[in-house]
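The values are calculated or read from the model by the stated rules, or taken from the named source; none is laboratory data. Every value quoted in this text rests on a predicted model; they were computed, and no experiment measured them. Here the Cβ positions follow ideal geometry from the backbone for every residue, glycine too, while neighbour counts run over all protein chains shown.
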Amino acid sequence: MNRKCAEMPTSRRAKTMTSAVEMAVMRWQDGRDQLVLAQDFGFQPTAMQHLNPFQFAYLHPDHSDNTE
């Protein structure tokens, strides 16, 4: 999801892809893990993923095939 800005006055979706050489997924533990959001969205994490090294590709919404 893209945040609103001067160039894009509405929120739009774009494809993203992540990759890593090593990945690990762990169950979320309240006593061990912490997540702080600027606003309370009522979000409760259930898992945490570690990517090493983290690789990320983002396609601009104008150049993405956003059909579902």
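Listed values, structure above:
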quantity: Any chance Lys15 is at negative phi, modelled with pLDDT under 85 and out of contact with any Asp or Glu (no Cβ under 8 Å at 6 or more places or on another chain); calculated: no
quantity: Scan of the range 25-53 for residues that are assigned to a loop (DSSP other than H, G, I, E, B) and either among the basic types (Lys, Arg) or surrounded by 11 or more Cβ atoms within 10 Å (Cβ to Cβ) (or both), ordered by number; calculated: Trp28, Arg32, Asp33, Pro45
quantity: In the range 21-53, the residues that are among the hydrophobic types (A, V, I, L, M, F, W, C), under 25 Å from Ser11 (Cα atoms) and at pLDDT 85 or above; calculated: Leu35, Val36, Leu37, Ala38, Phe43
quantity: In the range 8-24, residue farthest from the chain's Cα centre (by Cα) [restricted to those that are assigned to a loop (DSSP other than H, G, I, E, B) and farther than 12 Å from Asp62 by Cα]; calculated: Pro9
